Each structure stands twice: as structure tokens, then as C-alpha cells.
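Student: Dropping a structure here in C-alpha cells format, bear with me for questions.
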Amino acid sequence: MKKVITVIYDEFKSIGTNIPVLIVLILGNVGYGFLYNLLYNTNVYRNAPIAVVDMSQSDISRHLIDYIDATQQVEVSLKTQNYDEARQMLIERKIVGFLYIPSELKEQLMRGNQAKCIIYGSTLSFLDYLNISEAVNYATLEINSELLPEMLKTINMIDLMFLVNGKAVNIVAEPLYNNSEGYGTYLIPPVLMLIIFQTMMIVISMNETSLVKRSFRHVSMPPYIYVFAKALSYFLIYLIFSIFFLIFIPLLFDLPHLSNFLNIITLMIPYLFANIFFCLIFTLLFKDADSPLFFIVFMSVPLVFLSGISYPLELMPWHWRMFHYIIPAAPATMAFVKLNCMGADMNNITSEMINLWLQCIGYYIIAATIRVKKGKRVILS
């Protein structure tokens, strides 16, 4: 036990006296935690600029435009009858999209026929397209309610009897989990888990390859105890940062926080240990600190997809889906979103917890085995 405490003390000393590691550990974790939340603090995109190509020039089209402009989602910055002008503004990103109103709008509506307006928007940004669609749908409902009395005058007796005798179906949308329907609420929780994984790999790789550790006392112990003691030191450090990321940050920035403290800690225990053993394997296999960094750069974007949050796992090819089950950040991110954003309990993340514990045990055995091959006993120096 005394030797384990010695290893933990020396790890703390190594990190505390290594300025680059401290910068990544403190500024990286705290800075990223605040940076992402401040970037997405607005959460919901408001007053996106759009244009309207009004070929109708009728009182109905003017009312439609007014209703669209009154919504929070968009702002009508251009009214024109020139389709090419609106399209050019979209290409130049002066607007995020435009609505085309046909010349026969009023005539079609007054006859009781369906009139078709066309939304032109770039789907390269789904938020822009979604905002335009929501604004136009709202305005359309308002126009329909205004025109209903006039439209009833043009409907024949059979259709009128159908409308009177038929039962109206009232569809009410009830958003689940992301009530604000904001982008930050959707993106930040999984990103926080990925930040823990990425900064941990950087810190461990930099610290394990540091020359500072050569000045420490000599302690001889079996490799499997040494690896566990080393992992325990990183675990204690990152447990504090996990509380900051997953409990303090959601409360500070009003992100979903439906889970309780105990459930989050229960999840973080296998996640942190699996991460640490995973990172230690890289530092044991590679002598330089750059190799793990290359892995981080390569895996940063794929990890977002492999977590199953931004893209369904069921649609991934099997060889990509396999990585979801061998990289600790992937199942842990899915489990955290279920707990903290969907209000799930521990029974709902059983498969993720089993996966993390298996990774934890497996990576520990691999890390200890590599140490054994390098020598029966480890000497810290």
C-alpha cells in the first residue's frame, strides 16, 4: 500500500512540475468547457436573414410575408420579384434562403385549390433550412385561418357537409429531451465527454514521456500493481474535472441535467479507468508524445459519429460500428446523454456499462502485460 501511495505521489509531483502538462490539464479542460458553451450560448438561431420573391403582389402574399417576418426564426431582409437576384444573394451568403411565391397564389386560394410556395435554402446548414421551414409553416397556418371563411364560400355542398360532420384531428408536437430545440443543448453534452477523452490522452502521453520523472526515487513493484497505481493517480485528477464538466457546466449554462450525482459518478468510474488504461497502452507502445497526439487528431471527428449521437449506429458499416465498442469515449458518451439528457436510470445503460467495464479490464490486462514484457518488476527513477 505504501508503494502505491508513493507512485500516486510521484505522479502528482510529475504533473505538478511539468508546465506544458499543467497547461493542457487546467487550461485545456477548463478552457474547452467554457469555450464550447460560450460559442453555443445562444443555442437557438434567431432572425436569420431571408428574401421573398413575391410574384403575386397581392394582399394575401403581403400578409404572408408580414407573418413570416414576425416570427423569431427569420427576418425578411429583401422583397423582390427577381428570382435571379435572390439566388445570387443566397450564393453570396447574404441570406440563408428565400421563399418563392407564385403569381397565381390568390386565385388558387380563392378557388379553394392548394397553392404551392417554394422554399429555396441550402441544406448544407440544416439549422438555416429548419428555421425557414418553421417560419413559413407558422405563417401558412395564420393565412389559412384568415382565408377559411372566404374559402368556404367556394366549396360545394358535399365538401361542406364533409367539413361540418368530419372530426378535426388536432396534432400537438411535444419535444422530448431538447425542449428548447437548440443546437447547443444537442451538441454540448456529448462534446464534454469527448473533451475528457482527448485532454486525458494528451496529458498522459506528455507526462509519461516527460524527462521530469527521471528525478524521482526508486520504487520496485510488480507491473500489474504499478499500472493500477499509476491509473489511480490519473483517476483522482480527472474525477475532479469530470465533476466540473458533467455537473457544474450543465448547471452553469442551463444544459440538461436530469441525472443525479451518484449515477454520473457510477458511469465515470469505468469510463475514466478504461480511458486511462487505453491511453497508457499508447504511451507504452510509443516512446514519443507525438504518436498519441496523431491518434487524437485522426479520431476527433470520427468519435462524434462513433458515439451514435450525431449519426445512428444502425446505419454504420459493421467495421466502423466495431470501433464504437472498443474506444471508451463512444459508449460512455451515449450513456451520459441517456442519463443526463433523457432522464434514464442505470438499468437503461446496462449494455454501455458492461462494455466499459470489459474495456477497463481488457485494457488493464494489456497495459500490465506490456509492462511485464519489459521486465518483471518496474523501477521508477
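Student: Which of the residues spanning the range 339-369 are at pLDDT below 85 and either in contact with a helix residue (DSSP H, G or I) (Cβ under 7 Å, 6 or more places away or on another chain) or aliphatic (A, V, I, L, M) (or both)?
Tutor: Within the range 339-369, ASN340, CYS341, MET342, ALA344 qualify.
Student: If you don't mind, another one. Pairs, please: C-beta under 6 Å, at least 6 apart or cross-chain, first residue in the same structural domain as ILE101 (by TED's automatic domain parsing) and crowded, with 17+ Cβ neighbours inside 10 Å and in the range 70-82, second among the small types (Gly, Ala, Ser) and not in a loop (DSSP other than H, G, I, E, B)?
Tutor: Cβ pairs passing all conditions: THR71/ALA135; GLN73/ALA135; VAL74/ALA48; VAL74/ALA135.
Student: If a residue must be farther than 21 Å from ASN347 by Cα, without any contact (Cβ under 8 Å) to a residue 40 or more places away in the chain and assigned to a helix (DSSP H, G or I), how many such residues does the range 302-336 contain?
Tutor: Summing the residues that are farther than 21 Å from ASN347 by Cα, without any contact (Cβ under 8 Å) to a residue 40 or more places away in the chain and assigned to a helix (DSSP H, G or I) in the range 302-336 gives 11.
Student: Let me ask you something else. Would it be correct to say that PHE273 is crowded, with 18+ Cβ neighbours inside 10 Å, modelled with pLDDT of 75 or more and of a type in the set (A, V, I, L, M, F, W, C)?
Tutor: yes
Student: Within the range 26-54, count every residue that is buried (at least 17 other Cβ atoms within 10 Å of the Cβ) and modelled with pLDDT of 80 or more.
Tutor: Total meeting the criteria: 7.
Student: Can you tell me how many residues in the range 338-352 are surrounded by fewer than 20 Cβ atoms within 10 Å (Cβ to Cβ) and either in contact (Cβ under 8 Å) with a residue 60 or more places away in the chain or among the small types (Gly, Ala, Ser) (or both)?
Tutor: Of the residues in the range 338-352, 6 are surrounded by fewer than 20 Cβ atoms within 10 Å (Cβ to Cβ) and either in contact (Cβ under 8 Å) with a residue 60 or more places away in the chain or among the small types (Gly, Ala, Ser) (or both).
Student: Considering only residues that are assigned to a loop (DSSP other than H, G, I, E, B) and closer than 19 Å to ASN144 by Cα, which ones fall in the range 56-90?
Tutor: So in the range 56-90, the residues assigned to a loop (DSSP other than H, G, I, E, B) come out as 56-58, 71-73, 81-82.
Scanning the range 56-90 gives SER56, GLN57, SER58, THR71.
Student: Identify all residues within the range 326-337 that are in contact with a Leu (Cβ under 9 Å, 6 or more places away or on another chain) and either more than 11 Å from GLY308 (Cα to Cα) or crowded, with 24+ Cβ neighbours inside 10 Å (or both); write none if there are none.
Tutor: Within the range 326-337, ILE327, PRO328, ALA329, ALA330, PRO331, ALA332, THR333, ALA335, PHE336 meet the criteria.
The values are calculated or read from the model by the stated rules, or taken from the named source; none is laboratory data. Nothing here was measured: the structure is a model prediction, and the numbers come from that model. With ideal geometry, Cβ positions are generated from the backbone for all residues, glycine too; neighbour counts draw on all protein chains shown.
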